[in-house]
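Worksheet for the structure shown next.
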Amino acid sequence: MRPMRLHPALLCLLAAWSLLLLIGGCSGSHAALDPASPQNTSIKNLFWLFFWVAVAVQVLVTLALLPAWLRRHRTIDPPPIDPEEHNTKATFIISILVLITTITLAVLLLGDFFTGRATHAAWYDPEPLKIKITGRQWWWEVQYQNDPEPYKSVTTANEIHLPLGKTIEFDLESADVIHSFWVPNLHGKKDMIPGHPTTLRVRPDREGTFFGQCAEFCGEQHAKMRLMVIVEAEDKFNAWLEAANRPAPEPVFENQKRGKEVFLTSSCVMCHTINGTTAGSRVGPNLTHVAGRQMIAAASVYNNRGNLAGWVLDPHKFKPGVRMPQNALDPTQLRDLLDYLEMLK
Ligand code: CUA
């Protein structure tokens, strides 16, 4: 049987694809090799150490094989050799190669060890900001915990504000199936296994907006289980947290008042909370300040009036299989409801 061989064109295509992935990962708001924390900087350094060692090994092995490949069609009689001299030479060469391999693996092992130490440095911070993240099909519940004053805890969804330079402790949990919390610029992945809460610590060191993604297949809308992380200066973050802690603003105009009535008398209240109203269910995202969020539908579409209207009427158009039902509202009800939702800043 002939050995299976990859066509050279296919090999080139695979190499080009890997190169594209590598370039894509080097910079941007969803790029593991563009760190926004010391934790991810050490992971990035470890990646490049492994990468360049692997490149060097590949080049050396290819160079060593080259003379044999160039002579592959030549048939020559082997020169007469002294078996004893040959054995000594072979033993010497193999010993050197084993030594080089051992040193290479030791370098990678040490790199791995020191990266582990560096990513754990954040654990020595005695006062981290604790944020509980609960993975749900298919969105993220975000709770800013406030231990001495629990009434000041803030619940939001899919959009995580973080203060620059502070240690954050994410307490990770799943409410249903296995999810995996992954914000590539900040840290590695952490699986969220139902019934097994876990933690991840990170200290963002660069302002910016970064995207995260559930990294464990969790059902139909796994690919659109995204999240947004906004790293901002501490005073800006504190202002945001204070605003997020307030109850929802009261409607001022008639259309907004009617919109609130639509919300409270329709099926919205079965799943959502708006603090300061009678709506208090936690099946779906907390909507107290939904208008302040940049995106909806687990960071899969921008939060504007058109998308919000489409989402309320038929969320399955955006995310087939999503748990939120369609809502048959007449145009006036929809307009009033949107007027109300859009004032929830
Ligand atoms: Cu949650 Cu994939």
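The values are calculated or read from the model by the stated rules, or taken from the named source; none is laboratory data. All values derive from a computational prediction rather than experimental measurement. No Cβ is skipped: glycine too gets one built from the backbone with ideal geometry, and neighbour counts run over all protein chains shown. Accessible surface areas use protein heavy atoms only, side chains included; no ligands, DNA or RNA. Shrake-Rupley method; radii C 1.70, N 1.55, O 1.52, S 1.80 Å.
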Too-long pairs where the Cα-Cα distance tops 29 Å, listed order kept, from K130/K319; K152/K236; K190/K260; K152/K319:
K130/K319; K190/K260; K152/K319
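Fully extended, how many nm does the chain gain between T62 and L109 (0.36 nm per residue separation, minus their Cα-Cα distance)?
Value of the extension gain: 14.5 nm.
Keeping all protein chains in place and using 1.4 angstrom, which order do V252, V183, V301 fall into by accessible surface area, from largest down?
From most exposed to least exposed: V252, V301, V183.
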Carbon and sulfur atoms: what percent of the 1.4 Å accessible area of region 104-175 do they account for?
57 percent
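Taking 35 Å as R0, compute the FRET efficiency from the Cβ-Cβ separation of D147 and W48 and round it to 0.05. Display every interim value, and only then the final one.
Details: r = 39 Å, r/R0 = 1.12.
Plugging the Cβ-Cβ distance into 1/(1 + (r/R0)^6) gives 0.35.
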Would you work out if region 254-341 is rounded, prolate or oblate? Take a ≥ b ≥ c from the square roots of the eigenvalues of the alpha-carbon gyration tensor; rounded if a/c is under 1.5, else prolate when a/b is larger than b/c, oblate otherwise.
rounded
Accessible solvent surface per residue of region 228-322, calculated while the other protein chains remain in place, 1.4 angstrom probe, Å²:
48 Å²
With label points built 7 Å along Cα→Cβ from the Cα atoms of Q326 and C12, find their separation and express it in nm.
5.0 nm
The simple spin-label model distance between R282 and I76, using points 7 Å out along Cα→Cβ, in nm, is 7.8 nm
Identify which of W240, W139, W182 has the largest mean-square fluctuation in a Gaussian network model of the chain, with springs joining Cα atoms closer than 10 Å.
W240
The extension gain from T41 to Y302, computed as 0.36 nm times the residue separation minus the Cα-Cα distance, is 91.0 nm
For helix 254-265, what angle does its Cα long axis make with the longest principal axis of the chain, in degrees from 0 to 90 and rounded to 10?
70 degrees
Tally the DSSP beta bridges in the chain and give the antiparallel ones as a percent, rounded to 5.
70 percent
Could you sort the peptides 13-23, 169-179 by per-residue average Cβ neighbour count (10 Å cutoff), highest mean leading?
169-179, 13-23
Can you give the helix-only mean residue ellipticity at 222 nm for the chain, where every DSSP H stretch with n ≥ 4 adds -39500 (n - 2.57) and the sum goes over all residues, rounded to the nearest 500 deg cm²/dmol?
-13000 deg cm²/dmol
Residues meeting the amide H criterion for E159 (H placed from the backbone, H to H distance under 5 Å, 5 or more places apart or on another chain) are M228
Taking 186-194, 69-77 and ranking on average Cβ neighbours within 10 Å, highest first, one gets 186-194, 69-77
How high is the FRET efficiency from S266 to E127, r the C-beta distance, R0 35 Å, rounded to 0.05?
0.20
